[in-house]
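S.K.: Could you have a look at this structure, given as structure tokens, before my questions?
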Amino acid sequence: MPLTPVRLGYVPLIDAAPLIVAAELGFAAEEGLEFSLLRLGAWAQARDMLGAGLIEAAHMLVPMPVAQAMGLGPALPDLDLVMFLSQGGQAVAVSAALAARMRDLGHDFDFRDARKAGEALRRAAPERLHVGVPFHFSTQLELMQHWLGVCGFDAAPEVVTVPPPLMAESMAAGEVDAFCVGEPWASSAVDRGVAALLLPGTAVWASPPEKGLVLRRDFIAAEPEMTGALMRAIWRAGRWLDERENRDTAAEILSRREYLDLPAELAERGLTGRLQVTPSGEIRHVPGFVAFHAGAATFPWKSLAALFAQRIARRYGLQPDAAMRRAMAHFRTDLYRQHLRAAGAALPGASARLEGALTEDREVGAEKGQMILRADAFFDGTVFEPPFAD
Amino acid sequence: MFAPRRNPCFARDAGGGRNICPVLAQMTDGARGKGAMRCGCAAKLAPAGTKESRNQMDKRLSIVVIEPDPERAAPIVDGLREIGDHDIRIISEETGLARHIAEFRPDIVLIDLANPSRDVLEELALASGPTERPVAMFVDRSDEHLTRAAVEAGISAYVVDGLRPDRIKPILDAAIARFHMFQRMRAELAATRAALEERKVIDRAKAVLMKARGIDEEAAYALLRKTAMDQGKRVAEIAQQLVLAAGLLSCR
């Protein structure tokens, strides 16, 4: 039987791995699909190409479909997030100059303790900190906002959008003092000698949802079979990726010229969680730095749509309740259950929960039997309770 | 912290109070500090049909083209010049984009759909406030056909809110035509390169055959072509396989 072609857009980052692995290792073909992967240059490009029907699915920052649902974007057909692709994978970096000041003041760059790092940064930082993030609707921005907010900076940091490949350059030019970006771009800035890694995203929030698989709602309605096949192929690729021994292979595949086009060693750092934090070569090991599957990492909790919606609504002066309701309708837990149940995905009993409540991985009751949920606590113990069940 | 610097302006439901201020207000805090570019004409809207509003409609448009490659920028600018007397500027640096945009205060920004700097423009589009001239995305406009044509051509446009669609369309049309030209040129270049590559491989395969079987060039090519036909493959594919196999066999 001939394979059905599907066009997917991705931005070159290690967390595009589920799409690339699904195409390369036959998970797509197994579902009767032939992936045509398009490397994109900007997040706005992913959104616009999806909106115009030039791609069927996109690798996208989780808060993007939330903002789009809230009307904070161009008038496009409805976009739905059908599953998460990854959690974690981000790193916070500071400029070499700032790192030196922090070290002089006694910080040890343990790459673990968010409160200690935040306080050290506050003592060493200039009067007004300039922080780079890849997009104004991104998990990176939310992580930085939460972390710096809790650590009590006197003056609100200035947050600016910097495309990931330009992060190092922007830091070298003195435009940003710190940034939060997905791998391999933080490691790349370390290799260029301009940055030191301060924290993994998971030190601020144990399971920060990072990328999602986003499709047009009208496509989902018109092509339920293809939607299901696409989700299963990518879900199985995520399962393969979370087998620890496969991460080196994944790094080899991702770093090829047609994908990330970088040395495999660079992609390997984030994928294996062995990060080099300074140009001089200090290594820190971070288990679970990026997750693609384990602990229900792909389940698109509606409570996370609400969490992002509330934060974005406050920032843009919109009504939070209305924003949360609209955003939650775009996280399609119904499709996740429908299409991944038969594939063997563990399904939680509810589709919304208390966010930030798990300080360690925990076994809970599932639709059938038991399942393990990943720890998802914020470093300061913040919890978020969605005001609506769905 | 991270307070909303301004209200969102390209929210879909924010279209009620259209602001036809003739300049793009400053959009970065840096520029704001200088205070020189504050526009503040939101309160001074001229009623439709008055002399003032007509002047605003017909004034020269300020267009910014963001393109790091001068060889690509030049034909876009030429194309825009052909359709009217507009003030056109090119921004080629990747850093300091927000500052440059604030300085030029354009009515329209044209940029490659795939340019990473688009994500910076997106932030500017959201960041303008009620007293500033918002930058709306072209895809916000009602002309779906034109929007799709632009995305397909690989171009995106950011347009100051309140600019009439009939003023935008000719500019977009001209830009789309140029971007299509780039796409054709890129395709042609790729095809030429591929053809050249194939030529080289076929020449090497012919040399392998001539040496191994002691035949002349013409016979070698005929053999390659016959094999390709028998296998239902292209000559270049057979040549590639032969060169690969010869390479393996010659390694001891």
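The values are calculated or read from the model by the stated rules, or taken from the named source; none is laboratory data. Bear in mind that the values here come from a model prediction, so they are computed numbers and not experimental data. Quick reminder, even Gly has a Cβ in these numbers, built from the backbone with ideal geometry, and neighbours come from all protein chains shown. Only protein heavy atoms, including side chains, enter the accessible area calculation; ligands, DNA and RNA are left aside. Shrake-Rupley method; radii C 1.70, N 1.55, O 1.52, S 1.80 Å.
S.K.: Within chain A, which DSSP H helices have Cα atoms that stretch 18 Å or more along the helix axis and a mean Kyte-Doolittle hydropathy of at least 1.0?
M.R.: None pass (Cα extent of 18 Å or more, hydropathy at least 1.0).
S.K.: Continuing with the same structure: Please give the length that would be gained between A:Ile372 and A:Leu354 if that part of the chain were fully extended, namely 0.36 nm times their separation in residues minus their C-alpha to C-alpha distance (nm, one decimal).
M.R.: Numbers: separation 18, 0.36 × 18 = 6.48 nm, distance 1.56 nm.
The span from A:Ile372 to A:Leu354 would gain 4.9 nm if fully extended.
S.K.: Another question, if that's okay. Assuming R0 = 45 Å, what is the FRET efficiency of B:Ala212 and A:Asp191, from their Cβ-Cβ distance, to the nearest 0.05?
M.R.: 0.40
S.K.: Let me ask you something else. To check my understanding: the extent here is largest minus smallest coordinate of the Cα atoms along each principal axis. What are those three numbers for the stretch A:90-207, in Å, largest first?
M.R.: Per principal axis, max minus min of the Cα coordinates gives 30, 28, 25 Å.
S.K.: At a 1.4 Å probe radius, carbon and sulfur cover how many percent of the accessible area of the stretch B:179-252? Write down the numbers at each step before the final one.
M.R.: Values: 3290 of 5640 Å².
It is 58 percent, rounded to a whole number.
S.K.: Of the heavy-atom accessible surface of the stretch A:90-207 (probe 1.4 angstrom), what whole percent is carbon and sulfur?
M.R.: Heavy-atom surface of the stretch A:90-207 belonging to carbon and sulfur, 1.4 Å probe: 46 percent.
S.K.: Between A:Gly152, A:Gly88, A:Gly51, which gets the highest mean-square fluctuation from a Gaussian network model of chain A, Cα cutoff 10 Å?
M.R.: Result: A:Gly152 has the largest fluctuation of those listed.
S.K.: Compute the length gained on full extension between B:Arg60 and B:Leu249: take 0.36 nm times their separation in residues and subtract their Cα-Cα distance, giving the result in nm to one decimal.
M.R.: The B:Arg60-B:Leu249 span can extend by a further 61.1 nm.
S.K.: I'd like to know how the protein assembly as shown sits against the 2.2 N^0.38 Å rule of thumb: what's its Cα Rg over that expected value?
M.R.: 1.04
S.K.: So if we plug the beta-carbon distance of B:Arg225 and A:Thr4 into 1/(1 + (r/R0)^6) with R0 = 41 Å, what FRET efficiency do we get, rounded to 0.05?
M.R.: 0.75
S.K.: A further question follows. I'd like to know which of A:Phe289, A:Tyr259, A:Ala120 lies farthest towards the positive end of the charge dipole of chain A, counting +1 on Cβ of Lys and Arg and -1 on Cβ of Asp and Glu.
M.R.: The one lying farthest along the dipole's positive direction is A:Ala120.
S.K.: Say R0 is 22 Å: what FRET efficiency, to the nearest 0.05, do B:Ala187 and B:Arg234 get from their beta-carbon distance?
M.R.: Given R0 = 22 Å and the Cβ-Cβ separation, E is 0.70.
S.K.: Give me P(r) over the stretch A:55-152, computed from all C-alpha to C-alpha distances, binned every 10 Å, as integer percentages.
M.R.: 13, 38, 25, 17, 7, 0
S.K.: Here is a further query. Give me the percent of accessible area attributable to carbon and sulfur for the stretch B:79-124, probe 1.4 angstrom.
M.R.: Answer for the stretch B:79-124 is 41 percent, counting heavy atoms of protein chains only.
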